[in-house]
1. From Ala167, Ala234, grab the single residue that is out of contact with any helix residue (DSSP H, G or I) (no Cβ under 7 Å at 6 or more places or on another chain) and of a type in the set (A, V, I, L, M, F, W, C).
2. Somewhere in region 150-169, is a residue surrounded by fewer than 23 Cβ atoms within 10 Å (Cβ to Cβ), touching a Leu at 6+ places or on another chain (Cβ under 6 Å), more than 17 Å from Thr36 (Cβ to Cβ) and modelled with pLDDT of 95 or more?
3. Considering only region 108-125, I want to know if a residue exists there that is modelled with pLDDT under 95 and away from the ligand (no atom under 16 Å from the Cβ).
4. Counting only residues that are more than 22 Å from the chain's Cα centre (by Cα) and of a type in the set (Ser, Thr, Tyr), how many does region 199-225 have?
5. Among the candidates Ala292, Ala301, Ala297, Ala307, which residue alone is over 13 Å from Asn252 (Cβ atoms) and buried (at least 21 other Cβ atoms within 10 Å of the Cβ)?
6. Does any residue of region 308-323 turn out to be in the same structural domain as Gln207 (by TED's automatic domain parsing), assigned to a helix (DSSP H, G or I), modelled with pLDDT of 90 or more and among the charged types (D, E, K, R)?
7. Answer with yes or no whether Val33 is under 15 Å from Tyr120 (Cβ atoms) and either within 11 Å of the ligand (Cβ to nearest atom) or without any contact (Cβ under 8 Å) to a residue 60 or more places away in the chain (or both).
8. Hey, among Leu133, Leu139, which residue is within 19 Å of Ala50 (Cβ to Cβ), in the same structural domain as Leu86 (by TED's automatic domain parsing) and surrounded by fewer than 24 Cβ atoms within 10 Å (Cβ to Cβ)?
Amino acid sequence: MFTATCIAPVNMALVKYWGKRNEELILPINDSVSMTLDANEMCAKTTISASESFKQNRMWLNGEVVPFEENARLMRCVEGIHRLALANGAHKFPLSWKVHIASYNNFPTAAGLASSAAGYACLVYTLARLYDLPMNEELTTIARQGSGSACRSLYGGFVHWQRGLSADGSDSIAVQLAPAEHWPNMHMLILVVNDARKKTGSTKGMQLGVQTSALIQHRAKEVVPQRVKDLMAAIDARDFESFAEITMKESNQLHAICLDTYPPCVYMNDVSHAIANFVHDYNETVGSVQAAYTFDAGPNACLYVLAENVPRLLAAIQLAFPNDASQSVEYLKGIPVPPVEVKNGLRDVSIGHVNAKNMLKYIIHTKIGEGPKQLSDEKSLLIDGYPLTK
Ligand code: DP6
């Protein structure tokens, strides 16, 4: 039996991927840029074993059995890796051997935080380790076919998914723009918002957008190319103000496209909008742009903020969105933040008209991070090819 265990990080888009030109190959209509988050706070962990004795491919996700052969995206990833292994010729066991896969997310899926990107990146990376394949751009084209945004989780730091032009998707790859060390004090506060509504998933939402939005093609052709260039320059120069402005405008445009979709897809709720207002008011109150929000296909806010500005921003959030549990470890997760004395002015930061008490479920403090990593054998989620728990 051969086994490999790896972890892969979550990434958060700055310039958003929204809309496909090929549903099966998962080819996007525009480029996107993301930041990889520290795997210490949030990651997917996957163990894959291959054995001559396994009768069929099997998978367990967070301890539950999940269908394998019927999952087209999963099968595309496995077949993609088999193709590379065949071309590489160096694999140490026959490709006909079946695999057992166990995967966990170390962050609550109930929070509605995207887990598919880390999950598919981890799957593809772990398969590559199992078959002794090198980490390269080709792997990103395989992870992309699991979930588009997964291709960006194969690198740390800042990552650019180039849409590519070819029909077969061979040039729709992710590349690293800068490693995490380039801007190590880039931190993030994730505000997890209470919300019970059922929402349209990203896959369906962007499909409807391409079919019905009059704005989406304008965005892909005219807006995104310039924004990618400007954002690359801002990252290169570690220019937080420009970085923040592009990021917030991008988030706003994604949700404008969603509203322009018919029927509209509404992902942000009143609390999300209150957080966006709060960030603008906060920046105005402190006299410079120190925080930037971004929202994906859900109501949770991700706030980019430099490490030195985290305590003050967090204190202002605690004032604007008070919570009965505000000092507990269940409420404030992730990297510890030293308490600060809040200046009076911040008390006036307005948050709109929502009843702000207990509007946030919890807050995660995290930062920029590295790409996937292989772990030692004792970290395995499988024993003799079967999950530890079941
Ligand atoms: C809003 O990668 O989840 O997070 O390719 O259909 O699996 P599929 O979609 P997915 O979409 C992510 C969309 C987004 C923006 C982004 O991450 O760029």
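1. Details: Ala234 fails: out of contact with any helix residue (DSSP H, G or I) (no Cβ under 7 Å at 6 or more places or on another chain).
Only one candidate qualifies: Ala167.
2. Yes, region 150-169 contains a residue that is surrounded by fewer than 23 Cβ atoms within 10 Å (Cβ to Cβ), touching a Leu at 6+ places or on another chain (Cβ under 6 Å), more than 17 Å from Thr36 (Cβ to Cβ) and modelled with pLDDT of 95 or more.
3. Scanning region 108-125, I find at least one residue that is modelled with pLDDT under 95 and away from the ligand (no atom under 16 Å from the Cβ), so the answer is yes.
4. 2
5. Numbers: Ala292 fails: over 13 Å from Asn252 (Cβ atoms); Ala301 fails: over 13 Å from Asn252 (Cβ atoms); Ala307 fails: buried (at least 21 other Cβ atoms within 10 Å of the Cβ).
None of the other options fit; the residue is Ala297.
6. Taking every residue of region 308-323 in turn, at least one turns out to be in the same structural domain as Gln207 (by TED's automatic domain parsing), assigned to a helix (DSSP H, G or I), modelled with pLDDT of 90 or more and among the charged types (D, E, K, R).
7. Values: under 15 Å from Tyr120 (Cβ atoms): no; either within 11 Å of the ligand (Cβ to nearest atom) or without any contact (Cβ under 8 Å) to a residue 60 or more places away in the chain (or both): yes.
No, not satisfied.
8. Details: Leu139 fails: surrounded by fewer than 24 Cβ atoms within 10 Å (Cβ to Cβ).
Within the list Leu133, Leu139, the selection yields Leu133.
The values are calculated or read from the model by the stated rules, or taken from the named source; none is laboratory data. Fair warning: this is a prediction, and the values are worked out from it, not measured in the lab. Note that we place each Cβ from the backbone using ideal geometry, even for glycine, and neighbour counts take in every protein chain shown.
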